[in-house]
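So the structure is just underneath, and the comments pick up after that.
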Amino acid sequence: QVQLLESGGGLVQAGGSLRLSCTAAGIRININTMEWYRQAPGKQREQVASITNGVRPNYADSVKGRFTISADNAKNTMYLQMNSLRPEDTGVYYCAAVGRRYWGQGTQVTVSS
């Protein structure tokens, strides 16, 4: 059974930082494409970043230079370091794996102005 568990969300002021974690069970993150998505209220879910086989990160234009995706293969955990947060980064952040076949439950990120 595949499970993805996100953590690390919270409330932060604009300009602040948060680090999200996604711990996987049932799959190895180092041989799959892992992704972060977010969904703001009233908007469609959008991809934020992805990483394949633990390397080759990709980012949405809106987060380039501010967010960093990484993976710790020993912990089977993916991270999203979010710096210089903006109010428009507010939303529920989800991790996804294996071509979005599996999803975590999401973690709320709220950035106040």
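The values are calculated or read from the model by the stated rules, or taken from the named source; none is laboratory data. Computed from a prediction, not measured in an experiment: that's the story for all the values here. In case anyone asks, the SASA skips ligands and DNA or RNA and just uses the protein heavy atoms, side chains included. Shrake-Rupley method; radii C 1.70, N 1.55, O 1.52, S 1.80 Å.
Numbers for the structure displayed
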{"read-out": "Under 5 Å, built H, 5+ apart or other chain: amide partners of THR33", "value": "ASN53, VAL98, GLY99"}
{"read-out": "Net lengthening on full extension, ALA74/ARG45 (0.36 nm per residue, minus Cα-Cα)", "value": "7.5 nm"}
{"read-out": "Bridge type composition, the chain - antiparallel percent by DSSP, nearest 5", "value": "90 percent"}
{"read-out": "√(5λ) per eigenvalue of the Cα gyration tensor, the range 50-113, largest first, Å", "value": "21, 15, 11"}
{"read-out": "Derived scalar couplings ³J(HN,Hα) [the range 100-107; Karplus, 6.51 cos²θ - 1.76 cosθ + 1.60; whole Hz; x for Gly, Pro]", "value": "6, 6, 10, 10, x, 7, x, 9"}
{"read-out": "Protein accessible area in the chain, 1.4 Å probe - carbon and sulfur %", "value": "45 percent"}
{"read-out": "Value of D in µm² per second that Stokes-Einstein yields for the range 43-83, Kirkwood Rh from Cα pairs, at 20 °C (1.002 mPa s)", "value": "197 µm²/s"}
{"read-out": "Kirkwood hydrodynamic radius over Cα pairs of the chain, then Stokes diffusion coefficient at 37 °C and 0.692 mPa s, in µm²/s", "value": "239 µm²/s"}
{"read-out": "Mean accessible surface per residue for the chain, computed with a 1.4 Å probe while every protein chain stays in place, in Å²", "value": "52 Å²"}
{"read-out": "Note, ³J(HN,Hα) from phi for the range 63-72, Karplus 6.51, -1.76, 1.60, rounded to Hz, x at Gly and Pro", "value": "10, 4, x, 10, 10, 9, 9, 8, 9, 10"}
